Amino acid sequence: MLCAGLVTAAGALAGCASESHRDPGGSTATVTASPSSQPTSSQPSTAPPSSQPEPTSSSPVEGATFTMPNEVGKGLQDAQDDLQRVSHDPVFYTSSKDATGRGRHQVFDRDWKVCGQNVPAGKLVERKTVLITFSVVKLAESCP
C-alpha cells in the first residue's frame with residue numbers, strides 16, 4: 001500500500017501513518033511520517049470571494065441570439081462544435097436522432113453525419129428557447 005500523503009518542499013511526507021513495505025527480496029521497511037506543522041503553500045487571496053462568475057464576452061447571455069448555420073452533410077461532432085462556436089456557449093446542447101427510424105443511439109458522435117436539422121439554416125435562434133435536433137446516419141450510410 002502506498003502513502004497518499006503530500007510531499008512538501010522539504011521532501012517530508014505529510015499526513016501519512018506508519019506503513020510497511022516489502023521489497024522483492026523479502027525484507028520489510030517501515031515508513032513513518034507525521035503531518036507537517038507548516039502549511040505547504042497557502043497564498044492569501046487579494047480578491048474577495050464571489051458567488052457569481054465574472055461575465056466574459058464569450059459567456060452565454062440570457063436572450064442572446066445567433067444565426068443557425070447549415071450543418072447538413074457535416075459530421076455530427078463537427079456540427080455540435082460549430083453550434084457551440086456560433087452561439088458563444090461552450091456547453092450549448094443539441095439533440096440528435098437516427099434518420100433511418102431504427103432508433104439507434106449516437107454513442108460516438110464522430111461516427112455519424114447530419115442529414116437534416118429541425119431549425120433551417122439562416123434562421124435567427126434565441127439560444128435559451130430552442131432545442132436543435134439533427135437527423136443523422138452512420139458515416140458510411142446514405143441519407144434517406
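The values are calculated or read from the model by the stated rules, or taken from the named source; none is laboratory data. This is a predicted model, so every value here is computed, not measured. Cβ placement follows ideal geometry from the backbone for every residue including glycine, while neighbour counts extend to all protein chains displayed.
Tabulated results
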read-out: Selection within the range 54-87 - acidic (Asp, Glu) and either surrounded by 12 or more Cβ atoms within 10 Å (Cβ to Cβ) or modelled with pLDDT of 95 or more (or both); value: Glu71, Asp78, Asp81, Asp82
read-out: The range 92-120 residues that are assigned by TED's automatic domain parsing to the domain that holds Asp81, paired with ones that are among the polar types (S, T, N, Q) and assigned to a loop (DSSP other than H, G, I, E, B) (beta carbon under 9 Å, 6 or more apart); value: Ser95/Asn118; Ser96/Gln106; Lys97/Gln106; Asp98/Gln106; Trp112/Gln106; Cys115/Ser142; Gln117/Asn70; Pro120/Asn70
read-out: Check on Ala140, at pLDDT 95 or above and among the aliphatic types (A, V, I, L, M); value: yes
read-out: Total residues in the range 71-101, condition under 15 Å from Asn118 (Cβ atoms) and in a helix (DSSP H, G or I); value: 4
read-out: Leading residue by the ranking (nearest to Thr67 (Cα to Cα)) among those in the range 88-135 that are at pLDDT 95 or above and acidic (Asp, Glu); value: Asp109
